[in-house]
Amino acid sequence: MKTNSKICIVLGNLTYEKAIQAIETISFAEIRMDLLNYTYQQYQNIFAKLTNSIATYRDSVDTQTVEQNYTTAIKYVCSYIDLDIELPENLRLKLIEKARNSGCKVILSYHNYTNTPTLQELTKIINNLFTKGADVVKITCMANDQADCSRVLGLYENYKNLVAFCMGKLGLITRLAAPIVGAPYTYASILDTEIAPGLPSYSLVNDFLDKYNVD
């Protein structure tokens with residue numbers, strides 16, 4: 001039985017053999033290429049087995065490696081590429097064009113690892129990312145209090161094609177509730193690997209969504 005299609009399983013920090021085994025039961029996965037060290041043939045095998053996939057490479061320093069990895073993912077027919085807004089503009093535009101030419105959708109993402117901006121700032125960021133060519137906008141901020149969580153979840157009232165949640169222990173409820181209040185999906189881990197602060201297990205997210213019949 002495949003995993004819930006509203007839950008994107010994050011795969012990183014694991015061997016190719018474990019990844020191949022894991023995706024046999026996964027409906028939707030994010031391939032963290034910056035946390036993996038596979039050959040081009042292995043990436044081709046990974047993407048070929050997934051009907052819905054996100055290719056992500058979190059690095060804005062070594063632009064040549066970033067471009068090579070995203071180009072590989074697009075070539076091997078990933079569903080989305082997730083580009084951090086901090087990527088150099090010329091590289092971001094080049095990768096968006098490559099994605100568009102191959103029928104691959106674009107996620108533009110904003111990360112704030114220290115706090116959650118004001119509602120006005122978040123709105124400005126989201127509008128800017130859609131203007132820059134995002135099919136889906138991803139907003140990830142650190143929650144320092146409950147007000148941060150409510151502010152982020154409130155974003156869904158005015159936007160579609162938005163995935164917004166908070167990191168950290170306080171942010172867990174935003175990850176769980178995101179698909180219920182309007183996100184196309186949320187993220188989880190299916191293996192015992194540390195990927196992101198506060199990333200919940202698949203079983204926790206799935207049990208929560210089951211109560212609301214979200215699949």
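So, of the residues in segment 131-147 that are touching a residue at least 24 places away in the same chain (Cβ under 8 Å) and surrounded by fewer than 17 Cβ atoms within 10 Å (Cβ to Cβ), which turns out to be nearest to the chain's Cα centre (by Cα)?
Residue satisfying both the conditions and the ranking: 135.
Only one of 94, 49, 18 is within 29 Å of residue 215 (Cβ to Cβ) and over 19 Å from the mean Cα position of the chain (by Cα). Can you tell me which?
None of the others qualify; the one that does is 18.
Could you list, in sequence order, all residues of segment 32-62 that are over 28 Å from residue 86 (Cα atoms) and without any contact (Cβ under 8 Å) to a residue 24 or more places away in the chain?
Correct list: 41 only.
Which condition from (1) part of a loop (DSSP other than H, G, I, E, B); (2) at pLDDT 95 or above; (3) among the basic types (Lys, Arg) is the one that residue 169 breaks?
For residue 169, the exception is condition (2).
Can you tell me which residue in segment 178-189 is nearest to the chain's Cα centre (by Cα), limited to those that are aliphatic (A, V, I, L, M) and surrounded by 20 or more Cβ atoms within 10 Å (Cβ to Cβ)?
Out of the qualifying residues, it is 188.
Pick from segment 1-31 the residues that are in a loop (DSSP other than H, G, I, E, B) and touching a residue at least 60 places away in the same chain (Cβ under 8 Å): which of them is nearest to residue 174 (Cα to Cα)?
Across segment 1-31, the extreme among qualifying residues is 6.
Any chance you could count how many residues in segment 156-175 are more than 13 Å from residue 136 (Cβ to Cβ) and crowded, with 20+ Cβ neighbours inside 10 Å?
Of the residues in that region, 7 qualify.
The values are calculated or read from the model by the stated rules, or taken from the named source; none is laboratory data. These figures come from a predicted structure and were not determined experimentally. A quick note on method: Cβ atoms are made from the backbone with ideal geometry, for glycine too, and the neighbour counts reach across all protein chains shown.
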